[in-house]
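A quick write-up on the structure given underneath.
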Amino acid sequence: ESRLYKLEQYDRENATALEETLLAYYKNGFSVVKTAKAMGLHRNSLRYRVQKIWEILELEPENYMGYLELVNCLLVRRLLQR
């Protein structure tokens, strides 16, 4: 998935954890409050990260199916790397 590669590349070049943020956001039902708490972040910091993910992946905020597709690709890739 080329969009997932963009996110991985951004993380690598900028020492960020947007891939982890995407997974946490998914695992917490796309809830900013729950995800921020789980990651130990302020809600505004998490909102910034999610906005950055939208920009990098060229996704609309309400495109949850797009998020699910990317998360599934990410999870499968991690499973295969074990």
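Its residues counted as N, the chain yields a C-alpha radius of gyration over 2.2 N^0.38 Å of 1.02. What the chain shows is 65 Å² of accessible area per residue, with the surface traced by a 1.4 Å probe over protein heavy atoms.
Element breakdown for segment 19-70 at a 1.4 angstrom probe: carbon and sulfur atoms account for 50% of the accessible area.
Scalar couplings 3J(HN,Hα) for segment 49-60, obtained by applying the Karplus form with A = 6.51, B = -1.76, C = 1.60 to θ = phi - 60°, are 4, 5, 4, 5, 4, 4, 5, 5, 8, 6, 10, 7 Hz; x denotes Gly and Pro.
The values are calculated or read from the model by the stated rules, or taken from the named source; none is laboratory data. Here the structure is a predicted model, which is why all the values come from computation and not from measurement. All accessible areas refer to the heavy atoms of the entire protein, side chains included, with ligands and DNA or RNA removed. Shrake-Rupley method; radii C 1.70, N 1.55, O 1.52, S 1.80 Å.
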